[in-house]
Amino acid sequence: MLIKGLKDEDFVNYKLPCMFVVTSFCTFKCDIESGVSCCQNSSLAKQPATNVSDDTIIQRYLNNPISKSIVFGGLEPVEQFGELCRFLDKLRREYKCGDDVVIYTGFNKDEISDELEKLRAFENIIVKFGRFVPNKEKRYDDVLGITLSSPNQYAERIS
């Protein structure tokens, strides 16, 4: 999987300790729609990407006694949907790991209905929907157990 970063233990993106995987691509929909440069992750676009095998990521996760979930975010995980599905298939089938996987997307639910249908084939998938909208109030999300940056953002357990 082509990634920009990996944090073995993260405590801010989900209610459970997680491994945070930074994906590599984004079309910066939030910036375009708001008309201002507002993405907190825009500097990631300039960082080099590294190809890390799914096995390496999964084994790092499974060998860490602290992390209890995996979160994909940073840029836009849905832009790497094929790689994401391959990773999930390996995690679930080969490694028999049913831990929560959270996918942070700036897409709205109706924009990725085909992708969501494919993700439902995997157990324990949570998706955070919605673009960042600057100058709006934050919102606490019960599914993630954290505060999100915009009131239009929300998470849903899809499987």
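Summing +1 for each Lys or Arg and -1 for each Asp or Glu, what net charge is found among the other residues whose Cβ lies under 10 Å from the Cβ of F20? Let's see the in-between values first.
On the way: positive: K7; negative: D8, E9, D10.
Computed value for this residue: -2.
Fewest first, what order do E83, E76 take by the number of other Cβ atoms within 10 Å? Least crowded to most crowded, the residues run E83, E76. About its Cα centre, segment 102-159 has a charge dipole of approximately 220 debye under the convention of +1 per Lys or Arg Cβ and -1 per Asp or Glu Cβ, with nothing else charged. For F72, the residues whose modelled amide H falls within less than 5 Å of its own, excluding neighbours fewer than 5 places apart on the same chain, are V21, V102, I103, Y104. Segment 1-26 and segment 106-159 have Cα centres spaced 16 Å apart.
What's the exposure ranking of K138, K46, K15, K4, going from fewest to most Cβ atoms within 10 Å?
Going from least to most buried by this count: K46, K138, K15, K4.
Scanning residues 5 or more positions from S159 or on other chains, those with amide H under 5 Å from its amide H are N124, I125, with H placed 1.01 Å from N in the peptide plane.
The candidate values were [x] 41; [y] 25; [z] 52; the one computed from these coordinates for percent of Cα pairs over 25 Å apart carries the label [y].
Laboratory data are not the source of any read-out in this text; all were calculated from the coordinates shown. Computed from a predicted structure; not experimentally measured. Ideal geometry is used to build each Cβ from the backbone, glycine not excepted, and the neighbour counts take in all protein chains shown.
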